[in-house]
Amino acid sequence: MKYDYDYISSEVRRFENLNVIGKTSLKRNIYCFSIGEGEKSAVFAAAFHGLEYLTGAALIDFAKRYVNMDKYHNKIKIYFIPMINPDGVDIAINGIDPKNLIHRYIIKNTGILNFTENWQSNAMGVDINHNFNADWRSIK
């Protein structure tokens, strides 16, 4: 099975409360859905790095199981974002097309030719998992 953007896109349609929370630079949807109605909430997100596409499939699998855990739904609302980086996942799984202008930009700026072995970034060459200031040092 190929756990790419098409797989995740088809799987998220099984869930209620599905929203598009953003678009990638290649115009792919970033999906989020929620399960539960509790006052407390949590966000589970996966596939930040291109090669971490299996985490998206694992999160979908967990969501399928959580749907049937009715006793928790009134205690916690969980937001699921199964694929933060669909462009990077597509590049990691399918490689790149040298005819694509964005892909040529990536090759030029990274020097990488084999994206199926070490690609973490999005389609613009940004490692989004390391590109936000979480200020982790302030946490005690």
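Some notes on this structure:
- Taking amide H atoms as placed 1.01 Å from N in the peptide plane, the amide H of Ala45 lies under 5 Å from those of Ile81, each 5 or more residues away in sequence or on another chain.
- Here the chain carries DSSP beta bridges of which approximately 55% are antiparallel, counting only pairs with both residues inside.
- Extension gain from Lys99 to Lys71, taking 0.36 nm per residue of separation minus the Cα-Cα distance: 4.9 nm
- The residues of segment 66-124 have, on average, 55 Å² of accessible surface per residue, using a 1.4 Å probe with all protein chains present.
- For segment 1-101: relative contact order, % (alpha-carbon pairs under 8 angstrom, 6 or more apart): 36 percent
- Helix axis angle, 101-110 relative to the chain longest principal axis, alpha carbon, degrees: 80 degrees
- Within straight-line reach of Lys108, meaning a Cα separation under 20 Å, sit the following aspartates and glutamates at least 8 residues removed in sequence or on another chain: Asp87, Asp90, Asp97, Glu117, Asp127.
- Relative contact order computed over segment 2-60 (Cα-Cα under 8 Å; 6+ residues apart), in percent: 32 percent
- Per-residue accessible area (protein heavy atoms, 1.4 Å probe) orders Met1, Met83, Met124 as Met1, Met124, Met83, starting from the largest.
- For segment 50-124, the alpha-carbon coordinates run over 52, 17, 17 Å along the three principal axes, in decreasing order.
- Rounded to 10°, Cα long-axis angle of helix 53-67 versus longest principal axis of the chain: 10 degrees
- Kirkwood Rh in Å, taken over the chain so that all alpha-carbon pairs contribute: 16.1 Å
- Accessible area ranking (1.4 Å probe, heavy atoms, ligands and nucleic acids excluded), largest first, for Lys71, Lys99: Lys99, Lys71.
- Of all lysines in the structure, those lying under 29 Å Cα to Cα from Lys71, and not within fewer than 8 positions of it along the same chain, are Lys40.
The values are calculated or read from the model by the stated rules, or taken from the named source; none is laboratory data. Remember, predicted model here, so these are calculated numbers, not experimental data. Surface areas here come from the heavy atoms of the whole protein model, side chains and all, with no ligands, DNA or RNA. Shrake-Rupley method; radii C 1.70, N 1.55, O 1.52, S 1.80 Å.
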